[in-house]
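Every number in this text was worked out from the coordinates using simple rules, so none of it is lab data. Keep in mind that this is a model prediction, so the values were computed, not measured. Here the Cβ positions follow ideal geometry from the backbone for every residue, glycine too, while neighbour counts run over all protein chains shown.
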Amino acid sequence: MKAKAKLTMLRVAPRKSRLVADLIRGKSVSEAENILSFTNRRSSGPILKLLQSAKANAVNNHDMFEDSLFISEIRVDEGTTIKRFLPRARGSADVMRKRTSHINITLEERNG
């Protein structure tokens, strides 16, 4: 049995979000919550909230035990890019790309 949760359009670049996701991949839920609460990155707060949502889905919807849950998969994909323009010299413009992330998390129960 798998419990899933997803977060779309997080206004943090995927490259930066993957750094936080790599810290908790394969860990138990309680250990991952502890790591995320002490990680000083902008994406750690939304990922912690997403993890708690996935844990609630597992306990309430799939009747899994909270103590035996672990992160079987966490994936950070690139979302849509918001484009903004900055004025430059002689009437030209530069494109600012504001990147977004889609984060998917899957929890499973450990056997034993």
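What residue, among those in the range 26-53 that are of a type outside the set (G, A, S) and not in a helix (DSSP H, G or I), is nearest to R75 (Cα to Cα)? Checked the range 26-53; the qualifying residue nearest to R75 (Cα to Cα) is K27. Among the residues of the range 56-67, which ones are farther than 12 Å from T106 by Cβ and assigned to a helix (DSSP H, G or I)? Once the filter is applied, which keeps residues that are farther than 12 Å from T106 by Cβ and assigned to a helix (DSSP H, G or I), the range 56-67 yields A56, V59, N60, N61, E66, D67. Within the range 86-102, the only residue that satisfies the criterion of being of a type in the set (K, R) and in contact with a helix residue (DSSP H, G or I) (Cβ under 7 Å, 6 or more places away or on another chain) is R99. Among the candidates R110, R88, R84, the residue that is loosely packed, with under 13 Cβ neighbours inside 10 Å, basic (K, R) and within 18 Å of K4 (Cα to Cα) is uniquely R110. For the residues L7, L23, the requirement of being in a helix (DSSP H, G or I) and among the hydrophobic types (A, V, I, L, M, F, W, C) singles out L23. Filtering S44, S53 for residues that are in contact with a strand residue (DSSP E or B) (Cβ under 9 Å, 6 or more places away or on another chain) and touching a residue at least 24 places away in the same chain (Cβ under 8 Å) leaves a single hit, S53.
If you go through the range 75-111 and keep only what is within 28 Å of E31 (Cβ to Cβ), out of contact with any Gly (no Cβ under 9 Å at 6 or more places or on another chain) and part of a strand (DSSP E or B), you end up with R75, V76, D77, E78, I103, N104, I105, T106, L107, E108, E109. Taking the criterion of being of a type in the set (G, A, S), more than 16 Å from K4 (Cα to Cα) and over 20 Å from the mean Cα position of the chain (by Cα), would at least one residue in the range 16-37 satisfy it? Checking the range 16-37: not a single residue is of a type in the set (G, A, S), more than 16 Å from K4 (Cα to Cα) and over 20 Å from the mean Cα position of the chain (by Cα).
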